[in-house]
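So the structure is just underneath, and the comments pick up after that.
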Amino acid sequence: MDSAPAGVDDPAGRWLGAHVADPDLEHLVRWSREAASMHVRRASLAALRRITAVFEAHAAYGSDGARLAAELEPAFDGSLADLVATVGRLVPPRPPADDEPGAPAD
């Protein structure tokens, strides 16, 4: 029994799984499963953060902003708002479309 998420090397989890019949280790096995589950949730949250950053940067700064957000996000340590603000300092904002508020009147 391997409690590690796919692609994660987890020798401790394999050892605990091999000793699951030992009642003294039951709580450790349960902890190992919970830890593996938390790892998956963290990975899911990281993916959601990256997707959100790219969409927010695209909405504000177009394709250049989306590309830059995708490049910066993995190593970026701040909040999503800070990331989008950083993208904004590096990429000029998109001009408003004709039907958007703030568009110049003809």
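Read-outs throughout are calculated quantities, based only on the coordinates presented, and are distinct from any laboratory measurement. Please read these numbers as outputs of a predicted model, since none were measured by experiment. Cβ: placed from backbone, ideal geometry, glycine included. Neighbour counts: every protein chain shown.
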Exercise for the section: Take 64, 82, 77 and order them by how many other Cβ atoms sit within 10 Å, fewest up front. Expected result: 77, 82, 64
Completion exercise
Within the under-14-Å Cβ sphere about residue 73, not counting residue 73, Lys/Arg +1 and Asp/Glu -1 give a net charge of -1
